[in-house]
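Beneath this line is the structure, given in structure tokens, with notes to follow.
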Amino acid sequence: MKSKRVALGELIHIVDERNKDMLTDTVLGISIDKEFIPSVANIIGTDLSNYKVVHKGRFACNPMHVGRDERLPVCLYSNEQSAIVSPAYFLFECNQDADIVPEYLNLCFHTDWFDKNCWLRTDSSVRGGISWDDLCLVDIPVPPIEEQRKIVRQYKVVTERISLLLSMSSNLMKQASTYFTEIFISPLGNSLLELNSKSVVPEGWSIRKVGNYCEANIESVNLSTMHNAIQYLDTGSLTTNMVTGFQSLNINVDEIPGRARRKMYDGDILYSTVRPNLKHYGIIYSPEENMVASTGFCILHNKNMEISNELIYMLLTHEDIVKYLQGVAENSVSTYPSIGPSDLLDIQFALPPQHVVEKANLYLSAILRLNSRICNEMSVLEKLKVAITEKGVA
């Protein structure tokens with residue numbers, strides 16, 4: 001059934017409950033991603049009795065930065081324990097006689113079209129705020145109650161599955177990290193960064209470089225020989241092995257980014273050369289023929305497979321190495337803190353005896369390949385979550 005469109009002001013009413021009885025001192029803000037977060041404001045010496053109280057089932061929003069951020073930070077509070085927010089925030093609740101489910105309304109607030117409508121109604125101040133009256137004029141699609149509840153249930157199922165997968169992925173990577181530390185670092189009794197060609201290592205161990213096993217950026221893509229469409233991966237779409245999405249581009253229609261040049265092969269390690277501490281890196285498994293990566297990545301290709309891609313990945317993403325590379329980047333002469341392929345290839349590490357390496361290859365490969373499948377499922381579910389909010393509440 002097609003949704004009717006109703007002005008938000010017909011569905012909600014403003015609430016102005018202050019913390020006069022000092023009910024709580026838990027001060028929250030709302031992030032640009034529309035989630036409650038601990039407030040970053042300095043509240044030392046602040047009179048918290050004037051702050052507004054938010055209870056479970058009540059909405060809060062920060063109307064002050066919509067023009068600047070092109071988003072309205074707004075969220076439904078779901079915790080049992082009450083909290084307080086800035087006096088500048090709007091607090092509101094759904095009208096009891098309105099045919100609206102609060103959780104459904106919260107999904108509406110997470111859509112691009114809602115933010116666009118709010119942005120169009122901002123005032124002329126530097127930050128571009130939105131008034132309560134203008135917020136109340138924004139139209140909201142309101143399907144029948146049962147349809148709203150169905151959409152909320154679908155969204156909840158997807159988000160709960162994502163949460164479970166996220167926990168599984170986190171546990172797997174902790175397991176891999178613990179194993180790597182026990183096998184490759186603990187026997188040395190020192191940090192990865194203290195190794196050099198003269199380091200004393202246990203019997204049977206040797207000092208090696210990443211460049212002994214990998215080569216960087218082995219092939220560029222000739223777009224003229226590609227399919228009509230390419231799937232482009234930029235650096236911002238890959239973080240700690242999680243791909244948030246490829247850009248599908250038609251070579252004959254779309255403007256292809258100049259950075260869309262790197263060819264990827266199965267098991268290649270992608271490592272962003274800008275600001276390593278942002279952790280834009282990962283392993284790509286079974287890439288499709290028309291997948292292309294940004295030149296903002298250094299792509300490491302295993303040239304002899306004596307040690308696995310997964311073992312090299314665990315080395316290069318170890319916190320000591322990431323901190324070291326960030327230091328190198330900050331000392332570079334580039335516009336942005338950046339590293340080059342040689343900075344990765346020249347990293348030294350201690351390699352244990354072959355039988356230990358072979359066991360580690362199998363173990364880490366199994367864990368990271370399983371984690372990759374989990375991350376792929378999460379990526380699909382994130383797209384489904386967006387589809388539910390964008391189409392389900394349209």
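The values are calculated or read from the model by the stated rules, or taken from the named source; none is laboratory data. This is a predicted model, so every value here is computed, not measured. Note that each Cβ is placed from the backbone with ideal geometry, even for glycine, and that neighbours are counted across all protein chains shown.
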In segment 142-169, anything within 30 Å of V6 (Cβ to Cβ) and not β-branched (V, I, T) is listed as P143, P144, E146, E147, Q148, R149, K150, R153, Q154, Y155, K156, E160
Within segment 24-33, of all residues that are closer than 16 Å to Y89 by Cβ and out of contact with any Asp or Glu (no Cβ under 9 Å at 6 or more places or on another chain), the one surrounded by the fewest Cβ atoms within 10 Å (Cβ to Cβ) is S31
Of the residues in segment 78-93, those that are within 14 Å of V15 (Cβ to Cβ) and surrounded by fewer than 21 Cβ atoms within 10 Å (Cβ to Cβ) come to S82, P87, L91, E93
Out of (1) touching an Asp or Glu at 6+ places or on another chain (Cβ under 9 Å); (2) crowded, with 16+ Cβ neighbours inside 10 Å; (3) not basic (K, R), the one A7 does not meet is (2)
For segment 154-173, pairs from a residue that is under 29 Å from M314 (Cα atoms) to a residue that is charged (D, E, K, R) and surrounded by 12 or more Cβ atoms within 10 Å (Cβ to Cβ), with Cβ under 8 Å and 6 or more apart or across chains, are T159/K385; I162/E382; I162/K385; L165/E377
Residue count, segment 314-339, condition under 12 Å from T273 (Cα atoms) and part of a helix (DSSP H, G or I), comes to 6
By residue number, the members of segment 217-243 that are out of contact with any Ser or Thr (no Cβ under 7 Å at 6 or more places or on another chain), surrounded by fewer than 18 Cβ atoms within 10 Å (Cβ to Cβ) and under 25 Å from L368 (Cα atoms) are N217, I218, E219, G236, T239, T240
Does I307 qualify as being touching a helix residue (DSSP H, G or I) at 6+ places or on another chain (Cβ under 8 Å), outside any helix (DSSP H, G or I) and of a type in the set (V, I, T)? yes
Going through segment 297-310 in order, the residues found to be closer than 15 Å to R369 by Cβ and surrounded by 24 or more Cβ atoms within 10 Å (Cβ to Cβ) are N309, E310
Check: Any chance segment 352-373 includes a residue that's acidic (D, E) and surrounded by 15 or more Cβ atoms within 10 Å (Cβ to Cβ)?
Finding: no
Restricted to segment 340-394 and to residues being assigned to a helix (DSSP H, G or I) and of a type in the set (V, I, T), the residue farthest from P141 (Cα to Cα) is V356
Note on segment 22-55: residues among the hydrophobic types (A, V, I, L, M, F, W, C), in contact (Cβ under 8 Å) with a residue 12 or more places away in the chain and outside any loop (DSSP other than H, G, I, E, B) are V27, L28, I30, F36, L48, V53, V54
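For every residue, the table says whether it meets (1) assigned to a helix (DSSP H, G or I); (2) in contact with a strand residue (DSSP E or B) (Cβ under 8 Å, 6 or more places away or on another chain); (3) surrounded by fewer than 13 Cβ atoms within 10 Å (Cβ to Cβ).
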{"residue": "R149", "(1), (2), (3)": "yes, no, no"}
{"residue": "Y155", "(1), (2), (3)": "yes, no, no"}
{"residue": "R161", "(1), (2), (3)": "yes, no, no"}
{"residue": "L166", "(1), (2), (3)": "yes, no, no"}
{"residue": "K174", "(1), (2), (3)": "yes, no, yes"}
{"residue": "F184", "(1), (2), (3)": "yes, yes, no"}
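Condition check ((1) in a loop (DSSP other than H, G, I, E, B); (2) surrounded by fewer than 21 Cβ atoms within 10 Å (Cβ to Cβ); (3) at pLDDT below 90; (4) out of contact with any His (no Cβ under 7 Å at 6 or more places or on another chain)) across all residues:
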| residue | (1), (2), (3), (4) |
| --- | --- |
| G245 | yes, yes, yes, yes |
| N252 | yes, yes, yes, yes |
| I256 | yes, yes, yes, yes |
| R262 | no, no, no, yes |
| D266 | yes, yes, no, yes |
| I269 | no, no, no, yes |
| G282 | no, no, no, yes |
| P287 | yes, yes, no, yes |
| V292 | no, no, no, yes |
